[in-house]
Amino acid sequence: MNYFAHETAVIDEPCEIGEGTKIWHFSHIMKNCKIGERCNLGQNVVVSPDVVLGKNVKVQNNVSIYTGVICEDDVFLGPSMVFTNVVNPRSAIIRKDEYKPTYVRKGASIGANATVICGNEIGEYALIGAGAVITKPVKPYALVVGNPAKQIGWVSEYGHRLTFDEKGTAKCPESGMVYKFENNNVSVIK
């Protein structure tokens, strides 16, 4: 075993768990999921069947990642944030064939107690504020807050708010990376 699992964690077979991953107290990893290298799954985390987590994904306490969710590398899922996988759930009606995929792209962060309604894509390096409710796709580098979530700005790959000059460029104060705002999208200037 090339990963750590706390003795109270339940891991169903078959599943793939990458080297250096840590799975903490009372977590449940269900069959057919794929968890990349160097992930950290906090206490009371549920990873449902067929979920995919990339490398270095950080999942804080009390998060359930339901079937249909795919997280790319370096994603952060804040404490008690929520994913859904059916648009109109009903206890008496089985809708397992109606699961909607949800994509969380590389480097995106989702704050504590946020909710992501299924079928949406969270763009690369987007930052979702605590308690936000995502009801539509989020652009790469977008900063969104509220219920329903609204975009209030842009962030760098290091999570700093970007302020664009008259030429449409902004510099991250931590990394020094320069970003371009053009056609209502943000990209890194190489």
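The values are calculated or read from the model by the stated rules, or taken from the named source; none is laboratory data. For clarity, every value in this text was computed on a predicted model and none was experimentally measured. No Cβ is skipped: glycine too gets one built from the backbone with ideal geometry, and neighbour counts run over all protein chains shown.
Being in contact with an Asp or Glu (Cβ under 8 Å, 6 or more places away or on another chain) and over 17 Å from Gly54 (Cβ atoms), is that true of even one residue in the stretch 99-114? So far as the stretch 99-114 goes, no, none of its residues is in contact with an Asp or Glu (Cβ under 8 Å, 6 or more places away or on another chain) and over 17 Å from Gly54 (Cβ atoms).
Only one entry of Tyr103, Tyr99, Tyr125 meets the criterion of being at positive phi, buried (at least 16 other Cβ atoms within 10 Å of the Cβ) and either of a type in the set (Phe, Trp, Tyr) or free of Cβ contacts under 8 Å to residues at least 24 places away in the same chain (or both), and that entry is Tyr125.
Here Tyr179 meets each of (1) touching a Leu at 6+ places or on another chain (Cβ under 7 Å); (2) in the same structural domain as Thr67 (by TED's automatic domain parsing); (3) more than 22 Å from Gln60 (Cα to Cα); (4) not hydrophobic (A, V, I, L, M, F, W, C) with one exception, condition (2). For Asn40, the conditions (1) closer than 22 Å to Gly119 by Cα; (2) surrounded by fewer than 20 Cβ atoms within 10 Å (Cβ to Cβ) are fulfilled apart from (1).
Meeting the requirement of 1 or more residues that are of a type in the set (Ser, Thr, Tyr), the strands (runs of 3 or more DSSP E) wholly within the stretch 106-190 are 169-171, 178-182, 185-188.
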